[in-house]
Amino acid sequence: MAKQDFLFSYLQAGETSISNLLLHHYREIGMTSGELLVYLELKSYIDRGIENPSITWIAENLQTDERTVYDQIHQMTEHQLLVQRMKRDAEGKETAYYDFSPLISRLVGREGQIQSQQKNVKQTTAREKLFAEIESEFGRPLTPMEITYVNDWLDKDHYEIEMIRLALKEAVINGSLRFRYMDSILMNWRKNNLKTPQEVEQDKQRYQSRMAQQGGQLGNRPIPNIPILKLPDD
């Protein structure tokens, strides 16, 4: 019978869930361990429909004094993790309640910041690899002017790195390792609304198919619609 009573009490008490994001990163948003415990206590009552639980209950559950609980709530308010608001019920009576939406916003902001940092690191790494590939094909370090060329492709023209890498490949195939030649390739692709290597390949195949149907001699021309010109040195 005692076991059944305990099971009934256990089920009646309910459960309180916590986001793993908060559990693992609460310190990173400026929350202390004490504040986290008070938050969990408040949430345990809020989840059961008690929006303004007694501070005495919280203190008793944590085996501490009310002053400490008040201080923790005040600190969470100061750190913009919690807002105490007022609302009117159906009878017009005002009641207080705890709003933890600022805490959630802080977590979301932290997650967005991390993703942004990871994206920046990834972009920096990809840019460094691109420079290394170009220098490898040219067989020498790039000049400041050439570095500016590449940075402008990425930052001003907003060419995808894969497209610049493909333009480099085409320049190598045609034996014309010139930045102006690569630039003409990229501009031609943009003019023809070719935004991915796959679209470039499909356009090339269409061009070769048209030439074959016309009985033209294709030779070894890998770039559609771009005459192979000997450009002056950059």
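Given the condition under 22 Å from residue 199 (Cα atoms), touching a residue at least 12 places away in the same chain (Cβ under 8 Å) and outside any helix (DSSP H, G or I), answer yes or no: does some residue in segment 128-148 qualify? Outline the logic, then answer.
Initial filter on segment 128-148 (under 22 Å from residue 199 (Cα atoms)): 130.
Pick out the ones that are also touching a residue at least 12 places away in the same chain (Cβ under 8 Å) and you get 130.
Those still in the list that are outside any helix (DSSP H, G or I) too: none.
Scanning segment 128-148 turns up no residue that is under 22 Å from residue 199 (Cα atoms), touching a residue at least 12 places away in the same chain (Cβ under 8 Å) and outside any helix (DSSP H, G or I).
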Seminar exercise, completed: Taking first residues from segment 83-98 that are within 18 Å of residue 44 (Cα to Cα) and second residues anywhere that are part of a strand (DSSP E or B) and small (Gly, Ala, Ser), the pairs with Cβ under 8 Å that are 6 or more apart or on different chains are 84/96
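In this structure, is residue 84 surrounded by fewer than 15 Cβ atoms within 10 Å (Cβ to Cβ) and assigned to a strand (DSSP E or B)?
In short, yes.
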For this session: Give 71, 47, 99 a once-over and let me know the one that is open to solvent by less than 60 Å² (accessible area, probe 1.4 Å) and not hydrophobic (A, V, I, L, M, F, W, C).
Result: 99
Problem set entry | Residues satisfying the stated conditions in segment 172-195, i.e. assigned to a helix (DSSP H, G or I) and open to solvent by 50 Å² or more (accessible area, probe 1.4 Å) | 172, 173, 180, 187, 190, 191
Seminar exercise, completed: Only unsatisfied item for residue 198, checking (1) assigned to a loop (DSSP other than H, G, I, E, B); (2) modelled with pLDDT of 90 or more, is (1)
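Could we say that residue 116 is at pLDDT below 80 and either open to solvent by 40 Å² or more (accessible area, probe 1.4 Å) or farther than 30 Å from residue 161 by Cβ (or both) here? Before the answer, list the steps.
Values: at pLDDT below 80: yes; either open to solvent by 40 Å² or more (accessible area, probe 1.4 Å) or farther than 30 Å from residue 161 by Cβ (or both): yes.
So residue 116 fits the description; yes.
The values are calculated or read from the model by the stated rules, or taken from the named source; none is laboratory data. Source: prediction; values computed, not measured. Glycine gets a Cβ as well: all are built from the backbone with ideal geometry, and neighbour counts include every protein chain shown. Just so you know, the surface numbers come from the protein's heavy atoms only, side chains and all, with ligands and any DNA or RNA stripped out. Shrake-Rupley method; radii C 1.70, N 1.55, O 1.52, S 1.80 Å.
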